[in-house]
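Enquirer: My structure is below; once you've seen it, I'll send some questions.
Read-outs throughout are calculated quantities, based only on the coordinates presented, and are distinct from any laboratory measurement. It should be emphasised that the depicted structure is a prediction, and the values quoted were computed from it without experimental measurement. Virtual Cβ from ideal backbone geometry, glycine too; neighbours counted across all protein chains shown.
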Amino acid sequence: MTVVQDVFAALPERLAQAGLQRQVDGLLLDLGVSSAQLDSAERGFSFREDGPLDMRMSGDGRTAAQWLAQAEEKEIEGVLSEFGEERYARRIARAIVETRQCTPLTRTRPLAQLIERAVPKTEARLHPATRSFQAIRILVNRELEQLEALLGQVVALLADEARLAVISFHSLEDRIVKRFLRAASQPPPVGRHRPPPPFEPTLEVFELIRPASSEIDRNPRARSARLRTARRLPCAA
């Protein structure tokens, strides 16, 4: 077995190097961050433990601290709103900009405490910093870009009858996966007075799978998981 560390978008190139184009019989994309990463203060993902404000998966590129030190207030607000679906993005962005004028934000705990002060605590099970930390992590690692780049090429990697499975853990990822599967399995909508364009589906999509309550009881982090699966249809002769 060979283990390769790389970004999602590099998978087609890696398979080509191994001579495995159109030979993949099964592909599982796990889009989640591992508990080991989340619980490691040194990685900077955790808002519960104090650590360097890093959040990089691979150690390459700018850190979360570097981005927060340079980004304009509007940019921070936009990222928190788009990638974290944070309703209090404006308050948090303003608090970040005001704080960094006096004190650089380089550690996770001060950032989490800042967010906690800026956001009304309305959800008992959700820490106020959850959505903001998610948003910054997605930005730093370009996670949605990587996912879209891979999905745009994934059908060409699969052999006939191959299975594709994608596990997502938040609505932004799941929405991208859902749109991709729909486009590969259903003809696009057309206007009332236009004939439908030629369409040949490449995937057969199966029913969405959610975690059972018993699984959530054992592993609360599984509560937001969504598993979408599909079968690669044979190419037309």
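Enquirer: In segment 9-46, which residue that is under 21 Å from LEU164 (Cβ atoms) and among the basic types (Lys, Arg) is surrounded by the fewest Cβ atoms within 10 Å (Cβ to Cβ)?
Expert: By that ranking, first place goes to ARG14.
Enquirer: Given the residues LEU114, LEU151, LEU203, LEU172, which is the only one that is in contact with a strand residue (DSSP E or B) (Cβ under 8 Å, 6 or more places away or on another chain) and surrounded by 12 or more Cβ atoms within 10 Å (Cβ to Cβ)? Full working, then the answer.
Expert: Working: LEU114 fails: in contact with a strand residue (DSSP E or B) (Cβ under 8 Å, 6 or more places away or on another chain); LEU151 fails: in contact with a strand residue (DSSP E or B) (Cβ under 8 Å, 6 or more places away or on another chain); LEU172 fails: in contact with a strand residue (DSSP E or B) (Cβ under 8 Å, 6 or more places away or on another chain).
None of the others qualify; the one that does is LEU203.
Enquirer: Also, quick follow-up: Scanning for something among the basic types (Lys, Arg), surrounded by fewer than 13 Cβ atoms within 10 Å (Cβ to Cβ) and not in a helix (DSSP H, G or I), does segment 179-193 turn up at least one residue?
Expert: Checked segment 179-193: at least one residue is among the basic types (Lys, Arg), surrounded by fewer than 13 Cβ atoms within 10 Å (Cβ to Cβ) and not in a helix (DSSP H, G or I).
Enquirer: Would you confirm, using the coordinates I've provided, whether GLY32 is over 29 Å from LYS178 (Cβ atoms), in contact with a strand residue (DSSP E or B) (Cβ under 7 Å, 6 or more places away or on another chain) and in contact (Cβ under 8 Å) with a residue 60 or more places away in the chain?
Expert: Details: over 29 Å from LYS178 (Cβ atoms): no; in contact with a strand residue (DSSP E or B) (Cβ under 7 Å, 6 or more places away or on another chain): yes; in contact (Cβ under 8 Å) with a residue 60 or more places away in the chain: yes.
Spelling it out, it is not the case that GLY32 is over 29 Å from LYS178 (Cβ atoms), in contact with a strand residue (DSSP E or B) (Cβ under 7 Å, 6 or more places away or on another chain) and in contact (Cβ under 8 Å) with a residue 60 or more places away in the chain.
Enquirer: Additional query: Filter segment 1-60 down to the residues that are basic (Lys, Arg) and not in a loop (DSSP other than H, G, I, E, B), then identify the one that is farthest from LEU111 (Cα to Cα). Break it down into steps so the answer makes sense when it comes.
Expert: Step one: list which residues in segment 1-60 are basic (Lys, Arg), which gives 14, 22, 43, 48, 56.
If we keep only those that are not in a loop (DSSP other than H, G, I, E, B) as well, we get 14, 43.
On the way: ARG14: 38, ARG43: 15 Å.
This residue is ARG14.
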